[in-house]
Amino acid sequence: MPVSVGIKIVSIKLHDKLLAAARKTGAVDPGDLEDALEACVKKIEVSDNPSELDRMLLAEGNFTEDQILRLFALALGMQFVEHIEPASVPLEFVQSVPSNYAHQHSVVAIENRNGTLVVATNKPLDVYAVDNIANMTKCPVIPALASRAVINSAINGAYEQRTTVLEDVAEELDATSIQGLIGDVSSEDLLDVVNRPPVIRLVNDILFKALQMRASDVHIHPFEQKVMVRYRIDGLLYDMLTLDVRVLPVIVSRIKVMAGMDIAERRMPQDGRCSVRIGPREVDLRVSTVPTAYGERSVLRILDKNAGVYSLQQLGLSDYDYGRIDELINRPHGVIFVTGPTGSGKSTTLYSFLQRIDSREKNVITVEDPIEYHLDGISQIQVANRKGMTFLTALRHILRQDPDVIMVGEVRDEETARMVIQSSLTGHLVFSTLHTNDAAGAITRILDFNVEPYLVASSVAGALAQRLVRRLCPHCKVELAADSDKVKRMGLAFAGFEKVYEARGCDKCFRTGYLGRTGIYELMIVDDDVRQCIYQRKSAMVIKKTALESGMTTLRMDGMRKVEQGQTSLEEILRVAQSDEV
């Protein structure tokens, strides 16, 4: 019998079953289904591939994936699954099947029935992917049907909920072996730990656990007798894992390979970057290594691309400061400085400013080191000091590109400070950052760069000082009366406070009592009174006092407002904000 004839006979039998299922359930109109099946028969005769019948029906555009899969389930006597709980995915599936294979073929086990796996797929006529699952898991398999969206959601949840095996993998490591380090590690999938060498599994698990716990940085810190893995979560470091010091060279070498660094160079600091994935989620890593007395220390900064850029409304500004900031960033020219220590969220604030500006009407160019997030409609330049592309060099060339808005990542020296000031005086709006303790300190820092006071007074529009404070976990925060003993012991007067809250700790916040962070802000507008202080080279203390008389809210004052609103605790404000001594 010719193959095409055999395919046609099989197709006719399946068509009859599908039509019978449609009449029985009423899920689709039988007439529409019959017309679609006739069109599909002609395509199958040409392609000789009856296993694509479900895809062909979906391509007709008259039926949803759910409708088609329900019909096939009834026609073929298979189970149709509407929802899959990630926790129900058997452990043997997660341990044996790579996540990228599960995603690529849309297959996931949903149950273990006395040693037999029930595997959901969205391809009812494709048996090869399900058969491969049986080979990988060494278990018999029963196929079931579910939509692609349901399957992919279950895959992501199941692999992300797996318990990490850091200690177990660390014990497998042989400190003398580097086998398996070299390979294609671009966009490494952290969920894919099946049949990987121990060092790769260990590093992947360290990063995966860090992402689970919302860590911003991972520290690999060598000591004389041990290696400590530490996570920075909401601004504070926590010790997470202790390893044998002998595994340090292998771990650092693996990290260097991932970041495209030289694994043979151990006596000089190195920087690198790479991307990793958690299923469909993409994460950037910035890697730094430095030699110490007990070996190389590594720090990995985690930049989650899915987190995106915060809008101006999401920063945590008060309504009063929000209105004034919005007015500042819509000026035609001037300099706006964002100040604070490292890790206080300055870059995030600058990105929010840029996002607020309409890049369709204005030419916006940035100079950054490094570029943390890519923004649509904006030209972003990466500083490369070794190649001569410094902030100063880039800024000089940017001025020939007819910019309206310029963002300079940081003012580090006199030349850059002068160029930023001159750029604003020639009709450009400039955003930049400085490392100062408060907003008034930004003025005195620019004056310290030997920029003339009259230039500073006529160009600087405002300065925004900021800090990041941890948010109280909404699931476990506890209310304290404003007149309680603990509040009194703080030695602060809380006139008008009705209640405050303190951290307790629960499973959702990893027992820290805090979940996420928000900003506290001090916005100083350079008005006529502040300009007079600048002309006279007054101290930061005098400038701050003058700004307070004009209605400025200090970091401590903004923090206390957030304490009263129940966003953060007294301890957090006292930890990050200095007292208002003027």
Worksheet item: At q = 0.12 Å⁻¹, what log₁₀ I(q)/I(0) does a Debye calculation on the Cα points of the chain give, no solvent, two decimals?
Response: -1.20
Worksheet entry | Distance-filtered residues of segment 90-125 - backbone nitrogen under 15 Å, label point 7 angstrom along residue 148 Cα→Cβ | 102-108, 121-125
Fill in: Residues listed by number, segment 85-112, amide nitrogen under 20 Å from residue 508 label point at 7 Å toward C-beta
86-87
Item to complete: For helix 414-425, report the angle its Cα long axis makes with the longest principal axis of the Cα atoms of the chain; keep it between 0 and 90° and round to the nearest 10°.
Response: 90 degrees
Worksheet, complete the sentence: In the neighbourhood of residue 562 defined by beta carbon distances under 10 Å, the net charge of the other residues (Lys, Arg +1; Asp, Glu -1) is -1
Worksheet item: Among the listed pairs 123/508; 209/362; 256/387, which are separated by more than 31 Å between their Cα atoms?
Response: 123/508; 209/362
Worksheet item: Tell me, in nm to one decimal, what length is gained between residue 363 and residue 226 on full extension, where the rule is 0.36 nm per residue of separation less the Cα-Cα distance?
Response: 44.1 nm
Worksheet item: Taking the Cα-to-Cβ direction at residue 304 and at residue 579 and moving 7 Å from each Cα, how far apart do the two end points lie in nm?
Response: 3.8 nm
Discussion item. What is the sum of charges, Lys and Arg at +1 and Asp and Glu at -1, for the other residues whose Cβ falls under 9 Å from the Cβ of residue 516?
Written reply: +3
Worksheet entry | Mean ellipticity per residue at 222 nm, deg cm²/dmol - from DSSP H runs of n ≥ 4 across the chain, formula -39500 (n - 2.57) | -11500 deg cm²/dmol
Worksheet item: Per residue Cα convex hull volume for segment 392-479, in cubic angstrom?
Response: 137 Å³
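Pulled fully out, how much extra length does the chain show between residue 342 and residue 17, if you take 0.36 nm times their separation in residues and subtract their Cα-Cα distance? Don't jump to the answer; show the numbers that get you there.
Details: separation 325, 0.36 × 325 = 117.00 nm, distance 6.69 nm.
Result: 110.3 nm gained on full extension.
Which percent of the accessible area of the chain is formed by carbon and sulfur heavy atoms (probe 1.4 angstrom)? Don't skip to the answer; put the middle values down first.
On the way: 13090 of 27170 Å².
Carbon and sulfur together cover 48 percent of it.
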Item to complete: Along Cα→Cβ, 7 Å out, is where each label goes; now give me the distance between the ones at residue 83 and residue 244 in nm to one decimal.
Response: 4.7 nm
Fill in: Karplus-derived 3J(HN,Hα), 6.51/-1.76/1.60, for each residue of segment 542-557, Hz, glycine and proline x
5, 4, 5, 4, 5, 5, 5, 5, 8, x, 5, 9, 7, 4, 5, 5
Response to the item:
Full extension between residue 415 and residue 387 adds, at 0.36 nm per residue less the Cα distance, a length in nm of 8.2 nm
Worksheet item: Per residue, what accessible area does the chain have, given a 1.4 Å probe and all protein chains present, in Å²?
Response: 47 Å²
Item to complete: Would you please give the FRET efficiency between residue 128 and residue 313, computed as 1/(1 + (r/R0)^6) with r the Cβ-Cβ distance and R0 = 51 Å, to the nearest 0.05?
Response: 0.50
Worksheet item: Could you give the nm distance between label points at residue 212 and residue 266, where each point is 7 Å from its Cα heading toward the beta carbon?
Response: 3.1 nm
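The values are calculated or read from the model by the stated rules, or taken from the named source; none is laboratory data. A quick note: this is a predicted structure, and the numbers were derived from the prediction, not measured. Note that we place each Cβ from the backbone using ideal geometry, even for glycine, and neighbour counts take in every protein chain shown. To get the accessible areas, we keep the full protein, side chains included, count just its heavy atoms, and leave off ligands, DNA and RNA. Shrake-Rupley method; radii C 1.70, N 1.55, O 1.52, S 1.80 Å.
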